[in-house]
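The structure appears right after this line, and notes come after that.
The values are calculated or read from the model by the stated rules, or taken from the named source; none is laboratory data. No experiment lies behind these values; they were computed from the predicted model shown. Glycine also receives a Cβ, built like all others from the backbone with ideal geometry; neighbour counts cover every protein chain displayed. The area values use the complete protein model at the heavy-atom level, side chains included, leaving out ligands, DNA and RNA. Shrake-Rupley method; radii C 1.70, N 1.55, O 1.52, S 1.80 Å.
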Amino acid sequence: MTFQPKQITQYEAAHLAELQGDVSETAIKYSLGLIPSFADGDAVHDNAAGSGAVTATIFERLSPGTAIHIDATDVNEQFVAGCKALAESNKWPVDTAVMSAQELTFPDNNFTHSFTSFAFHCLGDHDTAAKQVYRTLKPGGTAVASIWIYMPHVDALQHAHWRTRGKQGPMPVLLPLEGFQEKDLRKALQAGGFKDIDCHEKDCFLRIPDLKRWAQLAWSYLGTLPTGWSQNDEDKWDEAISDIVEQLESGDGISKNEKGDTVLRMVACIAIAKK
Ligand SMILES: C[S@@+](CC[C@H](N)C(=O)[O-])C[C@H]1O[C@@H](n2cnc3c(N)ncnc32)[C@H](O)[C@@H]1O
């Protein structure tokens with residue numbers, strides 16, 4: 001087993017859901033308004049499903065009586081287990097599987113819809129992932145791919161990284177200096193085979209009632225280095241968390257609501273691509 005700081009949160013789907021608050025849902029709801037309503041027999045892929053935000057949002061908004069099926073997949077076993085439990089508890093027609101976005105095992109021309117929600121920036125080889133999305137969509141099918149193009153917490157986490165690890169080493173994989181932007185998403189989708197791509201932006205607001213708790217979840221998920229965690233990270237864990245909290249007290253895109261919650265403005269870019 002690779003080294004893990006003793007303070008780290010061992011991630012389960014519920015932690016990812018808590019970290020994301022309802023911003024994914026807000027953006028997913030918006031993206032569902034950009035495409036026609038689902039019809040009987042639609043076959044939907046929730047790719048890189050995480051805790052199942054796409055699956056849940058689709059079923060919660062589906063017109064009563066419409067029979068669709070969702071395959072929800074993710075590379076992370078714990079997240080898939082959480083997604084499966086969520087679908088079972090709601091009796092949704094969902095199959096789940098641990099599956100890399102670069103190696104989808106579905107047949108060609110399988111899905112009417114393929115959602116890759118807030119994952120293209122972090123799933124590794126995005127061109128191969130886009131090729132797999134394209135391959136598994138039916139002709140005429142719709143791919144929905146979203147990314148965050150503005151997230152104020154990235155600066156805060158990078159600050160904590162530099163403060164506790166110095167300026168010299170590599171950045172955490174999930175906190176790159178060059179953010180993944182609309183042009184990168186378009187390029188990946190084009191490399192996948194898509195020609196008809198429309199991009200839309202949506203402002204979303206992440207409410208954080210307890211900044212220290214959120215910093216703990218964020219650092220545990222996003223702070224890891226390409227080489228993994230180190231003893232130094234354990235020694236400086238509290239310093240990193242305090243630094244993130246301090247950085248998130250104010251700044252661009254950061255405000256407080258009437259309850260005293262911290263509110264982060266996040267901007268989603270949502271691509272709708274047709275095969
Ligand atoms: C920010 S989460 C988004 C989850 C969910 N789609 C949502 O909108 O809430 C990114 C997800 O991508 C998954 N992921 C990362 N690399 C992957 C890969 N190569 N193949 C499949 N899933 C991957 C992670 O495990 C994580 O669940």
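Computed from point charges on the beta carbon alone (+1 for Lys and Arg, -1 for Asp and Glu), the dipole magnitude for the chain about its Cα centre is near 460 Debye.
Residue by residue, region 258-272 carries 3J(HN,Hα) couplings of 5, 7, x, 5, 7, 10, 9, 7, 10, 10, 9, 10, 10, 9, 10 Hz when phi is fed to the Karplus relation 6.51 cos²θ - 1.76 cosθ + 1.60 (θ = phi - 60°); x denotes Gly or Pro. Between the alpha-carbon centres of region 75-91 and region 24-55 there is a gap of 16 Å. A cut-off of 5 Å between modelled amide H atoms, ignoring neighbours fewer than 5 places along the same chain, links ALA72 with ASP46, ASP95, THR96, ALA97.
Sites listed here are trypsin sites (Lys or Arg not before Pro) in region 147-223 whose DSSP assignment is loop and whose Cβ has at most 13 other Cβ atoms within 10 Å: LYS167, LYS195.
ASP74 sits among other residues whose Cβ lies under 12 Å from its own Cβ, and their net charge, with Lys and Arg +1 and Asp and Glu -1, is -2.
The local environment of ASP108, defined by Cβ-Cβ distances under 13 Å, has a net charge of +4 under the rule Lys, Arg +1 and Asp, Glu -1. Rounded, prolate or oblate: which one fits region 230-275, using the alpha carbon gyration tensor with axes a ≥ b ≥ c (rounded when a/c is under 1.5, else prolate when a/b beats b/c, else oblate)? Taking the square roots of the gyration eigenvalues as a ≥ b ≥ c, region 230-275 is oblate. Nearest 10 degrees is fine. How inclined is helix 182-192 to the longest principal axis of the chain, computing both from alpha carbons? In the chain, helix 182-192 runs at an angle near 50 degrees to the longest axis.
Annotation for ASP125 and GLU246: the two label points, set 7 Å from Cα along the Cα-Cβ direction, are 4.2 nm apart. Given DSSP loops and a limit of at most 13 other Cβ atoms within 10 Å, what is the longest stretch of the chain that contains no such GluC sites (Glu not before Pro)? That gives 1-102 as the longest site-free run.
With r defined as the distance between the Cβ atoms of GLU60 and GLN181 and R0 fixed at 45 Å, what FRET efficiency is calculated, to the nearest 0.05? FRET efficiency, GLU60 to GLN181: 0.90.
Ligands, DNA and RNA are left out, and with a 1.4 angstrom probe the accessible area of region 13-274 is 45 Å² per residue.
For region 211-275, the share of accessible area belonging to carbon and sulfur comes to 47 percent (1.4 Å probe, ligands and nucleic acids excluded).
Label-to-label distance, LYS6 versus ASN110, with points set 7 angstrom from Cα along the beta-carbon direction: 4.5 nm. Compared with the dominant Cα axis of the chain, that is its longest principal axis, helix 237-247 is turned about 80°.
GLY140 sits among other residues whose Cβ lies under 11 Å from its own Cβ, and their net charge, with Lys and Arg +1 and Asp and Glu -1, is +2. Karplus-based coupling profile of region 127-140, in residue order and whole Hz: 5, 5, 4, 5, 4, 5, 4, 4, 4, 8, 7, 5, x, x, with θ = phi - 60° in 6.51 cos²θ - 1.76 cosθ + 1.60 and x standing for Gly or Pro.
Whole-Hz Karplus values for region 223-229 come out as x, 5, 8, x, 8, x, 7 Hz, taken residue by residue from phi with 6.51 cos²θ - 1.76 cosθ + 1.60 and θ = phi - 60°; glycine and proline positions read x.
In degrees between 0 and 90, to the nearest 10, how far off the longest principal axis of the chain does helix 211-222 point, with axes built from Cα atoms? The answer is roughly 70 degrees.
Given their separation in residues at 0.36 nm each and the Cα-Cα distance between them, ALA85 and ALA39 gain 14.0 nm when the chain is fully extended. With N as its number of residues, region 13-274 has a Cα radius of gyration that, divided by 2.2 N^0.38 Å, comes to 1.02.
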